[in-house]
1. Taking segment 233-268 on its own, how many of its residues are open to solvent by 50 Å² or more (accessible area, probe 1.4 Å), in contact with a Leu (Cβ under 7 Å, 6 or more places away or on another chain) and small (Gly, Ala, Ser)?
2. For segment 274-297, how many residues meet the condition of being open to solvent by 40 Å² or more (accessible area, probe 1.4 Å) and part of a helix (DSSP H, G or I)?
3. Condition (residue is more than 23 Å from residue 243 (Cα to Cα) and in contact with a strand residue (DSSP E or B) (Cβ under 6 Å, 6 or more places away or on another chain)) applied to segment 121-138: is it met by at least one residue?
4. Which condition from (1) more than 26 Å from the chain's Cα centre (by Cα); (2) of a type outside the set (S, T, N, Q); (3) surrounded by 16 or more Cβ atoms within 10 Å (Cβ to Cβ) is the one that residue 227 breaks?
5. Does residue 186 satisfy being assigned to a helix (DSSP H, G or I) and farther than 29 Å from residue 101 by Cβ?
6. When only residues in segment 206-241 that are in a loop (DSSP other than H, G, I, E, B) and of a type in the set (Gly, Ala, Ser) count, which is farthest from residue 116 (Cα to Cα)?
7. Being closer than 20 Å to residue 184 by Cβ, within 20 Å of the chain's Cα centre (by Cα) and of a type in the set (A, V, I, L, M) narrows it down to one of 152, 147, 115, 141, so name that one.
8. Could you check how many residues of segment 104-141 are closer than 28 Å to residue 269 by Cα and open to solvent by 70 Å² or more (accessible area, probe 1.4 Å)?
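The values are calculated or read from the model by the stated rules, or taken from the named source; none is laboratory data. Keep in mind the model is a prediction, meaning the values are calculated, not measured. No Cβ is skipped: glycine too gets one built from the backbone with ideal geometry, and neighbour counts run over all protein chains shown. Note: areas computed on protein heavy atoms with side chains; ligands, DNA, RNA excluded. Shrake-Rupley method; radii C 1.70, N 1.55, O 1.52, S 1.80 Å.
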Amino acid sequence: MSSVAAQDHRPAAAPAAPAPPPPRRGLGRKQREWIAAGLFLAPDAIGLTLFVAIPMVLSILLSFFQVSGFGSYEWIGLGNYERMMNDPLFWDSMKVTGLYVVILVPVLFCVSLGLGLLVKQKLPGMGAYRTALFLPYVVSLVVVGVLWKFLLDEQVGAVNRAMRAIGLEGESWLGDPTLALGCVIAVMVWVMMGYYMIIFLAGLQEIPKEYYEAAKIDGAGPWTTFRTITWPLLRPTSFFVLLMSTVAAITGGLDLIFVLTNGGPANGTSLAIFYIYQQAFGFGEYGYASAMGSFLVLIMVVCSAVIFKLTRGGRFDDGE
């Protein structure tokens with residue numbers, strides 16, 4: 001009995017330590033960051049693939065075929081490109097496009113920069129001025145074309161009426177080959193300047209105010225302040241505006257040309273993009289239009305590369 005009682009009073013054994021939890025096999029931090037980045041980029045990447053990359057590849061493939069209006073395809077190799085090289089109307093449209101880009105881009109750049117500097121000032125009602133300047137950009141180019149075609153009409157246009165009211169002769173703004181392209185450029189500047197003004201304004205607002213205050217204390221004038229502070233710190237924004245406006249000038253403006261001048265007079269406003277549109281949807285030459293479109297994209301890529309090279313990718317003459 002005593003042995004049994006002794007056994008009953010023995011201390012209980014300590015409970016066994018719990019087994020360590022199995023190691024977690026979840027995703028690491030870098031993997032989660034990559035997945036998050038992929039999810040954010042996926043909508044844009046899918047859109048670019050479906051609406052830019054795939055159509056571009058199909059257009060290049062189509063340029064090697066002769067396509068009839070009834071949907072038949074005939075392989076002709078480089079035939080469309082040979083036809084393009086010997087097409088005087090296409091090269092005339094390329095000359096018009098070159099002149100259009102050379103004039104439009106610098107004028108648009110300077111006007112937009114000037115407006116950006118202007119609307120940055122803290123003046124009464126400046127918000128309304130910004131809205132008014134930006135408003136033409138959100139209006140359809142078809143509506144813009146109809147509006148300006150009415151304003152520039154030789155007989156009843158408001159521009160010629162105003163000129164006659166002050167004793168000047170009216171002009172055939174859209175009927176004279178030497179004036180029509182200038183009118184198209186002026187209208188495009190009026191449409192696009194508000195958009196690039198906002199971009200310049202955003203760049204200007206990123207410049208610290210302390211720099212301007214220090215320049216004012218040192219007695220620097222407006223031109224010195226612009227040359228030594230504003231322009232150097234605005235170079236990345238200027239690079240973006242220069243690149244985007246060049247691409248837009250080469251590939252855009254079809255709607256405006258179609259409504260305002262229809263490529264005339266005497267093909268004086270027939271840009272390359274308009275001539276390509278005519279061949280594709282006016283004459284059903286889809287293969288030939290694809291060849292010219294591929295060539296125009298190549299020209300756009302070359303121009304973009306030249307801009308990158310001359311501006312050092314937005315650093316301009318920093319030499320870095």
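1. Residues that pass the stated criteria total 0.
2. The number of residues fulfilling the criteria is 7.
3. no
4. Checking residue 227 against (1) more than 26 Å from the chain's Cα centre (by Cα); (2) of a type outside the set (S, T, N, Q); (3) surrounded by 16 or more Cβ atoms within 10 Å (Cβ to Cβ), the one that fails is (3).
5. The answer is no for residue 186.
6. So the residue we want is 219.
7. 141
8. Result for segment 104-141: 4.
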